[in-house]
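To start, the structure under review is shown below, and the notes come after it.
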Number of protein chains: 2
Amino acid sequence: MIAGSRRRWALIVHGGAKPMEPGEEQPNREGILAALAAGRAVLEKGGTAIDACEAAIRTLEDLPIFNAGTGSALNAAGGIEMCAGLMDGRDRQVGSVAAIRNVAHPVSVAKRLLPEKEIVLVGDGAALFAREHGFEYVPDAALRTEKMVLEHEHDTVGAVALDQSGNFAAGTSTGGLSGSRVGRIGDSPLPGSGLYADNEVGAVSFSGDGESIARLVLASQVMATIAKDGPEESIRKAVRQLPPLGGDGGGIAIDRRGNIGWHHNSPAFVVAFASSDAPEPKAYLSKEEERRV
Amino acid sequence: MIAGSRRRWALIVHGGAKPMEPGEEQPNREGILAALAAGRAVLEKGGTAIDACEAAIRTLEDLPIFNAGTGSALNAAGGIEMCAGLMDGRDRQVGSVAAIRNVAHPVSVAKRLLPEKEIVLVGDGAALFAREHGFEYVPDAALRTEKMVLEHEHDTVGAVALDQSGNFAAGTSTGGLSGSRVGRIGDSPLPGSGLYADNEVGAVSFSGDGESIARLVLASQVMATIAKDGPEESIRKAVRQLPPLGGDGGGIAIDRRGNIGWHHNSPAFVVAFASSDAPEPKAYLSKEEERRV
């Protein structure tokens, strides 16, 4: 495996395709860099890509500025239902929770599902699994932020990692879409749509209009083209299909050679990335900003 | 569009990849032919592929011998949670319900979601949507059959149709996996995994080991290869990937030219099909039976 050469690692994380409000630039940049640092620490110590994705996403779930975990959107009933997924490129195993309630870290519940027979759990069943496996009950009041009471959001955070053993992983976590019907899920927990990882190919994670990403099965599309097009062009071609369906979005990916790429056609897309080849952390609020720098 | 030539239609339905029990051959054969007749009646009158898939799947949901609607499997809590999906090849719109309770026809709830903004609803939210849109509350006792109390099943029914206007659709419905965790879902409600439809390509529907089909995003794989390989070979290549992941299954598809194909590596796979070119209904309990005839 090309990427499997010793001591190489790569990580890219994103904080969502949401429009950036004035005054939010700094906390977004700091937050996404904190997530990168958390995931990177795992990879530099020789930890797994799955653990790196989980660590990065947990950081974003804890930060109220991101729509995942604490700071999740409120649905039409004023409640919080969250989705998260993790996929392990070693064996293409998946762990996924959809419309889960009352947990602080949906991505960690998703991770706990990886070794199980049932790998996608939804609704009350997902929350029951979390309770049975020691995840603390967290009331909506503790996940709700003033910002989310006021704003309309649809958004997802994500991470894609390559570890020093040559293994890939992808992860997603979202607080959903403000004001949406109870039980609504988008692409985030769905393998092939919001995320995918396969050691033979690479890994990818999407954010944006969840219904459109699911209808287009965008992550699978990237997996089919990334070897030829490279990660950035592959994601560009994928998100280009969203506007005709009435949506936009962004994605992050790492290909089999360890190349990092990202693209978006949403107004903003907060990313940070680093690798063993380019260890200086980079963070951008949009592709336009990256081009200007 | 090649398949769009007037008055051409095609329909294939399946009753699942479950092992056939002694004495079940006849009711399976009769049931799948009844489903074919219901869908075909829609197509012959010039109705839509979506309506044909719904009509065929409703028939299977009503028949207790199939694990969908009445006759659904019981989960670990002794309850019934069902999943269903429909996809319209005209615009790749999706309607999908996952782990829905207390409805007789999950596929019709999925259909009702097609024009909505939220297109995938899970758990209590899916049931709430059904109540709000006039779907009758059906207690578990009315969906439960003696057979399902005794047996272990994992299974899905499905339909793929091409209508006289050249439009494709695919559908799925399942009562889930006996004894599974509450909230467990498989591939059936997931576009790209259990089903896909795109007028430019064709349509496909899968049944079998739901976790493995979802991890492989099998429906998307078929959409990528069906033009080159044809429907049967395309499905054969897809299901061949299941045993290494510990599963098996079967699929049905129609390609852009209107060719019908199916394949399975499960012990049995109950199908029926007909088209304007070959209007005599065919029904088989396995590929092996088709080869013998």
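The values are calculated or read from the model by the stated rules, or taken from the named source; none is laboratory data. What you see is a predicted model, and the numbers here were worked out from it, not measured in a lab. With ideal geometry, Cβ positions are generated from the backbone for all residues, glycine too; neighbour counts draw on all protein chains shown. The protein model used for the area step is the full one, side chains on, heavy atoms only, and it has no ligands, DNA or RNA in it. Shrake-Rupley method; radii C 1.70, N 1.55, O 1.52, S 1.80 Å.
Restricting attention to segment A:118-160 and to residues that are under 21 Å from A:S193 (Cα atoms) and within 14 Å of chain B (Cβ to nearest Cβ), the residue that is modelled with the lowest pLDDT turns out to be A:H154. Restricting A:R256, A:R215 to those that are over 25 Å from A:G31 (Cα atoms), touching a strand residue (DSSP E or B) at 6+ places or on another chain (Cβ under 6 Å), at the interface with chain B (Cβ under 10 Å from one of its Cβ atoms) and of a type in the set (K, R) reduces the list to A:R215.
With the requirement that a residue be part of a loop (DSSP other than H, G, I, E, B) and either open to solvent by less than 50 Å² (accessible area, probe 1.4 Å) or over 20 Å from B:S165 (Cβ atoms) (or both), what does segment B:255-277 give you? Hits for segment B:255-277 are B:G258, B:N265, B:S266, B:P267, B:A268, B:F269, B:V270, B:S276. When B:E30 is tested against the conditions (1) touching a residue at least 12 places away in the same chain (Cβ under 8 Å); (2) surrounded by fewer than 24 Cβ atoms within 10 Å (Cβ to Cβ), the lone failure is (1).
Scanning segment A:154-211 for residues that are within 18 Å of A:I100 (Cα to Cα), in a loop (DSSP other than H, G, I, E, B) and hydroxyl-bearing (S, T, Y) turns up A:S178, A:S180, A:S188. Every condition in (1) in a loop (DSSP other than H, G, I, E, B); (2) aliphatic (A, V, I, L, M); (3) free of Cβ contacts under 8 Å to residues at least 40 places away in the same chain is met by A:A41 except one, and the failing one is (1).
Residues are listed down the side, and each one gets a yes or a no for (1) of a type in the set (A, V, I, L, M); (2) in contact with a His (Cβ under 6 Å, 6 or more places away or on another chain); (3) in a strand (DSSP E or B); (4) open to solvent by 30 Å² or more (accessible area, probe 1.4 Å):
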site: A:G23; (1), (2), (3), (4): no, no, no, yes
site: A:S72; (1), (2), (3), (4): no, no, no, no
site: A:R112; (1), (2), (3), (4): no, yes, no, yes
site: A:K117; (1), (2), (3), (4): no, no, no, yes
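Scanning segment A:220-254 for residues that are open to solvent by less than 10 Å² (accessible area, probe 1.4 Å) and in contact (Cβ under 8 Å) with a residue 40 or more places away in the chain yields A:G249, A:G250, A:G251, A:I252, A:A253, A:I254. The residues of segment B:78-88 that are within 9 Å of chain A (Cβ to nearest Cβ) and not in a strand (DSSP E or B) amount to a single one, B:E81. Could you list, in sequence order, the residues of segment A:89-114 that are in contact with a strand residue (DSSP E or B) (Cβ under 6 Å, 6 or more places away or on another chain), facing chain B (nearest Cβ under 9 Å) and more than 16 Å from A:E132 (Cβ to Cβ)? Matches in segment A:89-114: A:R92, A:V94, A:S96, A:A98, A:A99.
The rows are residues; the columns are (1) of a type in the set (K, R); (2) crowded, with 22+ Cβ neighbours inside 10 Å; (3) over 15 Å from B:E211 (Cα atoms).
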position: B:F135; (1), (2), (3): no, no, yes
position: B:L143; (1), (2), (3): no, yes, yes
position: B:K147; (1), (2), (3): yes, no, yes
position: B:Q164; (1), (2), (3): no, no, yes
position: B:F168; (1), (2), (3): no, yes, yes
position: B:S173; (1), (2), (3): no, yes, yes
position: B:G183; (1), (2), (3): no, yes, no
position: B:G192; (1), (2), (3): no, yes, no
position: B:E200; (1), (2), (3): no, no, yes
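Out of (1) under 25 Å from A:E290 (Cα atoms); (2) away from chain B (no Cβ under 11 Å); (3) out of contact with any His (no Cβ under 9 Å at 6 or more places or on another chain), the odd one out for A:V201 is which? Result: A:V201 passes all but (1).
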